[in-house]
1. Among the residues that make up the stretch 4-23, is at least one of them more than 28 Å from Pro133 (Cα to Cα), among the aliphatic types (A, V, I, L, M) and surrounded by fewer than 19 Cβ atoms within 10 Å (Cβ to Cβ)?
2. If the requirement is being of a type outside the set (Val, Ile, Thr) and over 22 Å from Asp137 (Cβ atoms), which of these qualifies: Leu116, Leu22, Leu104, Leu86?
3. Considering only the stretch 113-124, I want to know if a residue exists there that is under 18 Å from Met7 (Cα atoms) and within 12 Å of the chain's Cα centre (by Cα).
4. Return the residues of the stretch 62-107 that are more than 18 Å from Gly121 (Cα to Cα) and either under 14 Å from the mean Cα position of the chain (by Cα) or crowded, with 22+ Cβ neighbours inside 10 Å (or both); say none if nothing qualifies.
5. Could you please let me know if Glu31 is surrounded by 13 or more Cβ atoms within 10 Å (Cβ to Cβ) and either out of contact with any Ser or Thr (no Cβ under 8 Å at 6 or more places or on another chain) or at pLDDT below 95 (or both)?
6. Hey, could you check the stretch 1-45 for residues that are in contact with a Phe, Trp or Tyr (Cβ under 6 Å, 6 or more places away or on another chain) and in contact (Cβ under 8 Å) with a residue 40 or more places away in the chain and say which is nearest to Ala59 (Cα to Cα)?
7. Cβ-Cβ distance below 7 Å, separation of 6 or more or different chains: which pairs start in the stretch 129-143 with a residue that is over 14 Å from Phe23 (Cβ atoms) and free of Cβ contacts under 8 Å to residues at least 40 places away in the same chain and end on one that is surrounded by fewer than 16 Cβ atoms within 10 Å (Cβ to Cβ) and small (Gly, Ala, Ser)?
Amino acid sequence: MIAIEPMRWWHVDDVHALEGALFPHDPWSIEQFWQELAQNTRTYVVAVHDERVVGYAGAFVLPPDSDVQTIGVAPAAQGSGLGGRLLESLASAARDAGCTHMMLEVRADNVAAITLYERRGFVTISTRPRYYPDGTDALIMRCDLRLGAPEVSS
């Protein structure tokens with residue numbers, strides 16, 4: 001069973017290691033994770049299986065808006081619906097805080113992530129040309145949290 005729980009300081013090393021494996025060309029530094037956890041406008045969660053971090057996600061939450069900062073799922077857990085569970089955990093926390101919308105940026109070439117977001121009610125509202133260090137565009141997507149997330153099969 002995979003549990004979703006708040007990210008704590010003792011998760012940071014594992015999250016950072018997973019970040020480096022998932023995003024080798026532009027990973028967040030360990031200091032960035034520490035800085036994010038220190039902010040009262042941030043919500044971070046981890047997915048834990050057998051005491052190992054297999055996923056993580058974080059959002060900036062300041063009503064009426066929220067913004068997904070990061071989501072990562074270990075390769076062995078991808079395709080299991082875990083990304084959707086992490087995203088819904090962030091959306092739920094944002095709703096509970098009074099947010100009405102959630103935004104995110106995603107690599108335009110990350111088809112799996114875009115599909116996940118679209119299934120969860122996100123729509124593309126803009127593009128940031130050459131946003132990522134390798135020149136890849138970013139799609140800016142937005143979801144109306146008042147509508148709730150559509151049901152998605154795993």
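1. Yes, the conditions are met somewhere in the stretch 4-23.
2. Sole residue among the options that is of a type outside the set (Val, Ile, Thr) and over 22 Å from Asp137 (Cβ atoms): Leu86.
3. Applying the first criterion (under 18 Å from Met7 (Cα atoms)) to the stretch 113-124 yields none.
No, there is no match, as no residue in the stretch 113-124 is under 18 Å from Met7 (Cα atoms) and within 12 Å of the chain's Cα centre (by Cα).
4. If the condition is that a residue be more than 18 Å from Gly121 (Cα to Cα) and either under 14 Å from the mean Cα position of the chain (by Cα) or crowded, with 22+ Cβ neighbours inside 10 Å (or both), then Gly72, Val73, Ala74, Gln78 are the ones that fit.
5. On the way: surrounded by 13 or more Cβ atoms within 10 Å (Cβ to Cβ): no; either out of contact with any Ser or Thr (no Cβ under 8 Å at 6 or more places or on another chain) or at pLDDT below 95 (or both): yes.
No; evaluated as a whole, the condition is false for this residue.
6. Across the stretch 1-45, the extreme among qualifying residues is Met7.
7. Close Cβ pairs satisfying both conditions: Ile140/Ser126.
The values are calculated or read from the model by the stated rules, or taken from the named source; none is laboratory data. Computed from a prediction, not measured in an experiment: that's the story for all the values here. Cβ coordinates were reconstructed from backbone atoms using ideal geometry, including for glycine residues, and neighbour counts include every protein chain displayed.
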